[in-house]
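For reference, the structure is listed below as C-alpha cells.
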C-alpha cells in the first residue's frame, strides 16, 4: 500500500521534520500519546490482522489501538515513509525475570550514521517515552523514568532496564537476528492465541498522557491520581472513552460480557 504520511501525522497530531534523533523523539512521543496500547481483540478471541491495509484501517481510519505487533507495525511503516533508516527487532519480554520468553515483542532500531536508537511505541508497560541510544553505558532519562542497556552474555541479548526503588528492572532483551514476515506471524499467533499468553486471558491497556502513564489491567485502572477498580459496564465504557480514546460504547458490552463469563467459569 502507499503510506499516506499526512493522514498518519494528522492521526497522531504531529508535524514531521527531517529525520534526526530529536525528530524521532517527538514522533515516538506523539504516537504513544495518540494511539493506545490495547489488546481488546485477543481478549475477545480475535487474532489481529498484521497486514498493512488492516493496520492502517484499524489504527488510523477507525481510530483504534492495538498491541506491540500492530503499533510498531504501523510505526515501522511511518519510519520508512518519513525517510528513517530503521529495521525491526523482536525482543524477549522479561519484566523482571532473569531471561525472557519467546521472541515476540516488536520494536525498531533506527540509525543515524554510527548511532543506533531503540524506538518503541508498543511495549504497553513501564517503557521509555523517548528512543534510547544503544551502546551508551550511562543511564538515559526521560519524562517517564531512567533507563539503561545491559549486555547479557548468557543470552547474547542487549537488555533494556528501568531504574526502580529496588534497583534495575529488566523490561526486555533483543539481539541482531533479522525479522521476517513469518517471525511476525508466529509471534502474533503465540501472543493472541496461545493459552498461556497473557493477551487472551487479561485485558491490558496503556497510554502516555501529559500527566504520565495511564494503564489498565483487567478492571483495575491505574492513573496518576490513583488506582481504582471499575465496578460496572458504564464505568468501563467511560474509562475506555475518556482515558484511552477508544469507542467505549461499542466495546464495553462485549468486554464486560467476557469478564462475566470468566467469573462464571
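Couple of notes before you dig in:
- Residues within the range 63-76 that are assigned to a helix (DSSP H, G or I) and more than 15 Å from the chain's Cα centre (by Cα), tallied: 0
- Qualifying residue in the range 118-132 (condition: under 15 Å from residue 8 (Cβ atoms) and either surrounded by 19 or more Cβ atoms within 10 Å (Cβ to Cβ) or free of Cβ contacts under 8 Å to residues at least 24 places away in the same chain (or both)): yes
- Among the residues of the range 30-53, those that are within 14 Å of the chain's Cα centre (by Cα) and part of a helix (DSSP H, G or I) comprise 30, 31, 32, 33, 34, 40.
- In the range 45-59, the residue that is surrounded by the fewest Cβ atoms within 10 Å (Cβ to Cβ) out of those that are under 20 Å from residue 203 (Cβ atoms) and touching a strand residue (DSSP E or B) at 6+ places or on another chain (Cβ under 9 Å) is 58.
- Strands (runs of 3 or more DSSP E) contained in the range 151-265 and holding at least 1 residues crowded, with 19+ Cβ neighbours inside 10 Å and under 18 Å from the mean Cα position of the chain (by Cα): 157-164, 167-174, 204-209, 212-217, 220-223
- Looking across the range 139-150, just one residue is loosely packed, with under 15 Cβ neighbours inside 10 Å and more than 19 Å from residue 213 (Cβ to Cβ), and that is 150.
- Counted residues, the range 1-44 - those being modelled with pLDDT under 95 and buried (at least 17 other Cβ atoms within 10 Å of the Cβ): 1
- Tally of residues being over 17 Å from residue 29 (Cβ atoms) and either at pLDDT below 95 or assigned to a loop (DSSP other than H, G, I, E, B) (or both) across the range 118-150: 5
- Selection status of residue 92, out of contact with any helix residue (DSSP H, G or I) (no Cβ under 8 Å at 6 or more places or on another chain), surrounded by fewer than 24 Cβ atoms within 10 Å (Cβ to Cβ) and under 23 Å from residue 3 (Cα atoms): no
- Residue in the range 63-85 that is touching a helix residue (DSSP H, G or I) at 6+ places or on another chain (Cβ under 8 Å), surrounded by 15 or more Cβ atoms within 10 Å (Cβ to Cβ) and over 20 Å from residue 8 (Cα atoms) present: no
The values are calculated or read from the model by the stated rules, or taken from the named source; none is laboratory data. Values in this document were obtained by computation on a predicted structure and should not be read as measured data. Don't worry about glycine lacking a Cβ; one is built from the backbone with ideal geometry, like all the others, and counts go over all protein chains shown.
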